[in-house]
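Below is one structure, written out as structure tokens, with a few remarks after it.
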Amino acid sequence: MIDTMFFPFSHISKNQLTSVTAFFQNMGFLPLVKDFTADPILADLAEKNILHPIFPLAQELGEAEKQVQSYLDWAKLHRGNEKNLKALLKEEPYFMDATGLSSIQSQIRRGVKQSLSDQKKKVPNPLLLLKFAQLLDVQNEGIDDELTALEKSNASLFSELIGETPAEKAEEKSEKFDRGLPDSGYLDPGRIMTKERVVSWFRYAANREIFKQPGAPLLVTTSPAVLDYMVSQCEGVINALDIDSIKVHENDCEKKSNWLQGFSQFLKETIAENNASGSAQPEADDTCFLSGKIKLCLFPEGGMKAFLNIPDQSIAVCLVQLKS
């Protein structure tokens, strides 16, 4: 049984990894890759049982990747033909059939509306949207890394020019966090295609029988946009926990393991009681400087059935973020 599950992303960035591992000992994950061979960091976390990947079936992943590649080939070929591209995406944001490049070109020549009339009757493959979102998130993380590296290089050069001391630089960074300004990873990926991400992830998770195990896993996200969207779409949501500042341990802290166990128990009791009034919040009383924020929302059975067609299942969603 998987107790926690990262969602609704099929790519987990370095910043997201840092956030979730600050609060949880291990976590399930639905990556849309055949394995972690190309990512030694995720492979190491999986080997240490910190990350529990549920890889897609080879056939369904292959079909989704083929469709995505067909779209990318078509988009590259018609990069200058914005009218057709916009018309196609307005009707259907991703292709639902395993259509090849030649067939897609034929659709454009015949007319977008006519070619898509039959496709609307079919149920979209959730892997397609999730795969497109994965590619987008990977690209955005790469851009973010480059901008962060450039910002650090410029800041270092500027400090040398004005003779700023390391202590002054640290104080400036502290003030930056106090003002609530982002240091890196400033874009919440959940803000892009929020509805589509959530609906597609739940549909895919249901196909993989994630919600058929005894007791639904605690869903963990780093996206405020995702949680806000879910709350807005579901009636009767209980705001069980909302802590704006909670101290957490750093990775090399010897007290981290025990704190994580206590924090996990704290969440279980909170979920069972539908509130945090009877649970003792774990304290991180040492010299660690990391702090974060956490919000826990409980979605009732009726609301989940109406919103995501998940019958007889209440869902707990936990938002975690690091502040410094």
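The values are calculated or read from the model by the stated rules, or taken from the named source; none is laboratory data. Since this is a predicted model, take the numbers as computed values, not measurements. Cβ coordinates were reconstructed from backbone atoms using ideal geometry, including for glycine residues, and neighbour counts include every protein chain displayed. Accessible surface is based on the protein model in full, side chains and every heavy atom, while ligands, DNA and RNA are left aside. Shrake-Rupley method; radii C 1.70, N 1.55, O 1.52, S 1.80 Å.
Some observations on this one:
- Shown for the range 209-248 is the translational diffusion coefficient from the Stokes-Einstein equation, using the Kirkwood radius over Cα pairs, a temperature of 10 °C and a viscosity of 1.306 mPa s: 125 µm²/s.
- Using θ = phi - 60° and Karplus 6.51 cos²θ - 1.76 cosθ + 1.60, couplings along the range 70-77 (whole Hz; Gly, Pro as x): 4, 5, 5, 5, 5, 4, 5, 5
- Around the amide H of Ser291, modelled in the peptide plane, lie the amide H atoms of Val248, Lys323, Ser324, all under 5 Å away and 5 or more residues distant in sequence or on another chain.
- Each listed q (0.21, 0.22, 0.27 Å⁻¹) maps to a log10 I(q)/I(0) for the range 8-51 from the Debye sum over equal C-alpha point scatterers, namely -0.68, -0.75, -1.16.
- Model label points for Glu250 and Leu147, set 7 angstrom from Cα along the Cα-to-Cβ axis, are 2.7 nm apart.
- Per-residue surface analysis assigns Ser159 an accessible area of about 10 Å², computed on protein heavy atoms at 1.4 Å probe radius.
- Sequence ranges 7-20, 33-46, ranked by mean other-Cβ count within 10 angstrom, highest first: 7-20, 33-46
- With the simple spin-label model, which puts each label point 7 Å out from Cα in the Cβ direction, the Asp228 to Glu273 separation comes to 3.0 nm.
- Members of Lys255/Lys293; Lys66/Lys152; Lys66/Lys295; Lys48/Lys295; Lys212/Lys323; Lys256/Lys305 lying beyond 29 Å, as alpha-carbon distances in this model show: Lys66/Lys152; Lys66/Lys295; Lys212/Lys323; Lys256/Lys305
- Between Leu77 and Phe158, residue separation times 0.36 nm minus the direct Cα-Cα distance comes to 24.8 nm.
- Backbone HN-Hα couplings from phi across the range 47-57 [Karplus 6.51/-1.76/1.60, Hz, Gly and Pro as x]: 5, 8, 6, 7, 10, 10, x, 10, 6, x, 5
- Nonlocal amide H pairs with Gly28, under 5 Å, H built at 1.01 Å: Thr4, Met5, Phe6, His52
- Distant-in-sequence amide H partners of Leu241 (H built 1.01 Å from N, under 5 Å): Leu296
- Spatial separation of Cα centroids for the range 135-156 and the range 195-217, in angstrom: 32
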